[in-house]
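K.L.:
Please read through the structure below; I'll follow up with questions.
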Amino acid sequence: MAYTETTTTSFFSRIGASFGGIGLGIVLFLAGTALLWWNEGDFVATGDALTEAQSVTQELGDITRLNPAMNGKLVHATGPTETKDVLVDPVFGVRVQGIRLLRNVEYYQWEEKSRTEKRQKLGGGEETVTTYTYEQGWQNSPVDSSRFKDVQGGYRNFVLVHLDDFESQAKNVAFGAYRLPESMIGSISGEEPLNVTLSGEALDKLDTQVRRTQKEVAPSAQQFSGTLFGGTDSQLPEGKVHVEGNTVFLGDSPAMPKIGDMRVTFRQVLPTNVSILAKVNGNTFESYHASNGKNISRLSMGTQSLENMYGAAHSSNATWTWVLRILGVILVISGCKMVVAPLSVIASVVPFLGDVVAAGTGIVCTFFGLAWSLLIISIAWLRFRPVVGGCMLLVAAVLIALLYVKGRKAKAAA
């Protein structure tokens with residue numbers, strides 16, 4: 001059942017909040033500008049470092065024996081990884097000889113969702129209507145139901161056992177006669193399900209803990225949601241721990257989960273073939289320091305050629321650059337909108353007029369933000385890549401000209 005909450009904000013409160021947001025808007029604008037400038041320089045520097053590194057990379061060749069002649073050199077090598085480390089989950093006693101052991105814990109909980117609608121009122125006030133709905137489902141962490149808005153709805157959460165996610169990684173991983181550093185071990189991927197078998201001691205301990213929790217919470221929980229555990233304490237179903245494949249279920253029935261039940265899944269990363277780019281340091285590896293200060297070190301899954309690895313590195317550099325460019329532009333535009341927000345609030349004394357001003361300032365801020373972002377990117381590229389920077393500067397100038405013409409037309413129409 002939905003729960004609705006309505007709040008009203010006065011015109012003067014909205015004005016105060018909008019003027020208060022100007023400072024944050026300026027900070028966002030400056031942060032976005034700084035991010036755009038730094039990002040372009042970092043993209044060029046990383047690309048130059050990769051090009052330099054590729055020009056001096058040598059093939060390590062046979063990794064089954066140490067090659068003193070390659071010490072201190074940047075190399076490309078492929079081969080299998082091996083480890084004798086046995087990783088153990090301290091709670092369930094699950095063991096695996098491998099690169100990584102992972103435990104993921106999920107809780108069956110009530111979840112609060114909200115949908116907000118804002119309505120402008122004559123005189124500049126604003127009415128906010130928030131509708132809260134509640135659903136049951138699996139969550140990555142316990143949900144604090146005491147913070148729910150609907151305190152009378154009976155949406156009470158608890159957990160049978162308090163557990164956290166767990167990860168254990170091998171410290172000793174061999175790469176032929178060499179040893180991989182921790183940073184490279186962490187880059188080995190390829191998670192797969194780990195089928196588990198719990199010892200009788202672990203099963204009994206977990207079963208006892210679940211029963212104790214059920215007994216403690218059942219009376220208070222039932223007054224809200226009815227019989228949660230299939231009957232009174234004496235009628236509780238047998239078997240509170242259910243193991244199937246890589247999943248351990250804590251509760252009465254995996255097919256019909258109830259509030260408080262838990263689902264624990266196990267995964268593993270086993271030794272496999274990898275390809276690396278790194279500088280040889282005795283019997284292990286470290287990052288290569290390019291002349292511009294950038295560090296180059298890379299591990300890829302499977303057998304990858306030198307050319308493919310550097311190609312993937314350049315592609316990854318370009319992808320992250322675009323992600324940060326978009327983030328920088330969003331920050332700049334958002335900052336501009338916050339700076340001019342008081343205009344639409346003042347105009348909202350008449351709701352329709354407030355919407356018109358908000359739409360107009362939004363368009364202007366978007367154009368200005370794009371033009372400013374292109375200008376910053378262009379100036380940055382003028383420093384590193386003059387030809388490309390000049391072209392981008394031209395596009396920015398066109399956008400600024402369009403913004404100016406649009407403003408002149410709007411002024412003439414008024």
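K.L.:
Considering every residue within the range 161-183, establish whether at least one is part of a helix (DSSP H, G or I), at pLDDT 85 or above and surrounded by 15 or more Cβ atoms within 10 Å (Cβ to Cβ). Full working, then the answer.
P.N.:
Here is the first cut: in the range 161-183, the residues part of a helix (DSSP H, G or I) are 182-183.
From what is left, the residues that are at pLDDT 85 or above are 182-183.
Going one step further and asking which of them are surrounded by 15 or more Cβ atoms within 10 Å (Cβ to Cβ), we end up with none.
No, the range 161-183 contains no residue that is part of a helix (DSSP H, G or I), at pLDDT 85 or above and surrounded by 15 or more Cβ atoms within 10 Å (Cβ to Cβ).
K.L.:
Can you tell which of Val75, Val44, Val105 is of a type in the set (A, V, I, L, M, F, W, C) and surrounded by fewer than 20 Cβ atoms within 10 Å (Cβ to Cβ)? Outline the logic, then answer.
P.N.:
Working: Val75 fails: surrounded by fewer than 20 Cβ atoms within 10 Å (Cβ to Cβ); Val105 fails: surrounded by fewer than 20 Cβ atoms within 10 Å (Cβ to Cβ).
None of the other options fit; the residue is Val44.
K.L.:
Going by the structure shown, is Ser378 among the small types (Gly, Ala, Ser), buried (at least 19 other Cβ atoms within 10 Å of the Cβ) and modelled with pLDDT of 80 or more?
P.N.:
So Ser378 fits the description; yes.
K.L.:
List pairs: first residue in the range 129-158 and part of a strand (DSSP E or B), second residue surrounded by 15 or more Cβ atoms within 10 Å (Cβ to Cβ) and of a type in the set (A, V, I, L, M) anywhere in the structure, Cβ distance under 9 angstrom, at least six positions apart or on different chains.
P.N.:
Gln136/Ile259
K.L.:
Okay, moving on. Identify all residues within the range 195-212 that are over 33 Å from the mean Cα position of the chain (by Cα) and either closer than 13 Å to His242 by Cβ or of a type outside the set (D, E, K, R) (or both); write none if there are none.
P.N.:
Step one: of the range 195-212, the residues over 33 Å from the mean Cα position of the chain (by Cα) are 199-205, 207-209, 211-212.
Within the range 195-212, Ser199, Gly200, Ala202, Leu203, Asp207, Thr208, Gln209 qualify.
K.L.:
When you check Trp110 against the structure, is it crowded, with 19+ Cβ neighbours inside 10 Å, at pLDDT 90 or above and either of a type in the set (S, T, N, Q) or more than 26 Å from Ser10 (Cα to Cα) (or both), yes or no?
P.N.:
Values: crowded, with 19+ Cβ neighbours inside 10 Å: yes; at pLDDT 90 or above: yes; either of a type in the set (S, T, N, Q) or more than 26 Å from Ser10 (Cα to Cα) (or both): yes.
In short, yes.
K.L.:
Step by step: first the residues of the range 235-245, then only those that are in a loop (DSSP other than H, G, I, E, B) and closer than 20 Å to Gly200 by Cβ, then the one that is modelled with the highest pLDDT. Which residue is that? Reasoning before the result, please.
P.N.:
Initial filter on the range 235-245 (in a loop (DSSP other than H, G, I, E, B)): 236-240, 245.
Adding the requirement that they be closer than 20 Å to Gly200 by Cβ leaves 237-240, 245.
On the way: Pro237: 45, Glu238: 60, Gly239: 72, Lys240: 84, Gly245: 94.
Ranking the qualifying residues of the range 235-245, first place goes to Gly245.
K.L.:
Can you pull out every residue in the range 38-68 that is touching a helix residue (DSSP H, G or I) at 6+ places or on another chain (Cβ under 7 Å) and closer than 18 Å to Trp320 by Cβ?
P.N.:
Asn39, Glu40, Gly41, Phe43, Val44, Thr46, Gly47, Leu50
This table checks each residue for (1) modelled with pLDDT of 95 or more; (2) assigned by TED's automatic domain parsing to the domain that holds Pro181.
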{"position": "Glu40", "(1), (2)": "no, no"}
{"position": "Leu50", "(1), (2)": "yes, no"}
{"position": "Ala53", "(1), (2)": "yes, no"}
{"position": "Lys73", "(1), (2)": "yes, no"}
{"position": "Arg95", "(1), (2)": "no, yes"}
{"position": "Arg100", "(1), (2)": "yes, yes"}
{"position": "Arg103", "(1), (2)": "yes, yes"}
{"position": "Arg115", "(1), (2)": "no, no"}
{"position": "Lys118", "(1), (2)": "no, no"}
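K.L.:
Which is buried (at least 20 other Cβ atoms within 10 Å of the Cβ) and either outside any helix (DSSP H, G or I) or of a type in the set (Val, Ile, Thr) (or both), of Gly260, Gly328, Gly293?
P.N.:
Working: Gly328 fails: either outside any helix (DSSP H, G or I) or of a type in the set (Val, Ile, Thr) (or both); Gly293 fails: buried (at least 20 other Cβ atoms within 10 Å of the Cβ).
None of the others qualify; the one that does is Gly260.
K.L.:
Could you tell me which residue of the range 1-41 is surrounded by the most Cβ atoms within 10 Å (Cβ to Cβ), considering only residues that are within 30 Å of His314 (Cα to Cα) and polar (S, T, N, Q)?
P.N.:
From the range 1-41, those within 30 Å of His314 (Cα to Cα) are 28-41; that's our starting set.
Subset that is polar (S, T, N, Q): 33, 39.
Details: Thr33: 18, Asn39: 21.
Once the filter is applied, the top-ranked residue is Asn39.
K.L.:
Pick from the range 42-62 the residues that are part of a helix (DSSP H, G or I) and aliphatic (A, V, I, L, M): which of them is nearest to Ala312 (Cα to Cα)?
P.N.:
Filtering the range 42-62 for residues that are part of a helix (DSSP H, G or I) and aliphatic (A, V, I, L, M), the one nearest to Ala312 (Cα to Cα) comes out as Leu50.
K.L.:
Looking at Val161, Val96, Val173, Val86, which is the one that is over 30 Å from Gly200 (Cβ atoms) and among the aliphatic types (A, V, I, L, M)? Please lay out each step first, then the result.
P.N.:
Numbers: Val161 fails: over 30 Å from Gly200 (Cβ atoms); Val96 fails: over 30 Å from Gly200 (Cβ atoms); Val86 fails: over 30 Å from Gly200 (Cβ atoms).
Of the residues listed, the single one that is over 30 Å from Gly200 (Cβ atoms) and among the aliphatic types (A, V, I, L, M) is Val173.
K.L.:
Looking at (1) touching a Ser or Thr at 6+ places or on another chain (Cβ under 8 Å); (2) in a loop (DSSP other than H, G, I, E, B), find the lone condition where Phe92 falls short.
P.N.:
Going through the list (1) touching a Ser or Thr at 6+ places or on another chain (Cβ under 8 Å); (2) in a loop (DSSP other than H, G, I, E, B), Phe92 breaks only (1).
K.L.:
Which of (1) more than 30 Å from Lys240 (Cβ to Cβ); (2) surrounded by 16 or more Cβ atoms within 10 Å (Cβ to Cβ); (3) not aliphatic (A, V, I, L, M) does Lys118 not meet, given it meets every other one?
P.N.:
(2)
K.L.:
Of the conditions (1) over 22 Å from the mean Cα position of the chain (by Cα); (2) touching a residue at least 24 places away in the same chain (Cβ under 8 Å), Val356 clears all except one; give me its number.
P.N.:
All conditions are met except number (2).
K.L.:
If a residue has to be of a type in the set (S, T, N, Q), closer than 30 Å to Leu374 by Cβ and at pLDDT 80 or above to count, how many in the range 1-37 make the cut? Step through it out loud before you land on a result.
P.N.:
Let us first name the residues in the range 1-37 that are of a type in the set (S, T, N, Q), namely 4, 6-10, 13, 18, 33.
Applying the additional criterion that residues be closer than 30 Å to Leu374 by Cβ yields 18, 33.
Those still in the list that are at pLDDT 80 or above too: 33.
The qualifying residues number 1.
K.L.:
Enumerate the pairs (first residue in the range 23-36 and within 25 Å of Trp320 (Cα to Cα); second residue anywhere and in a helix (DSSP H, G or I) and among the charged types (D, E, K, R)) with beta-carbon separation below 7 Å, excluding pairs fewer than 6 apart on the same chain, so at least 6 apart or on different chains.
P.N.:
Between residues of the range 23-36 that are within 25 Å of Trp320 (Cα to Cα) and residues that are in a helix (DSSP H, G or I) and among the charged types (D, E, K, R), the close pairs are Leu36/Arg325.
The values are calculated or read from the model by the stated rules, or taken from the named source; none is laboratory data. The structure displayed is predicted, hence computed values, not measured ones. Here Cβ is always computed from backbone atoms with ideal geometry, including for glycine, and neighbour counts include all displayed protein chains.
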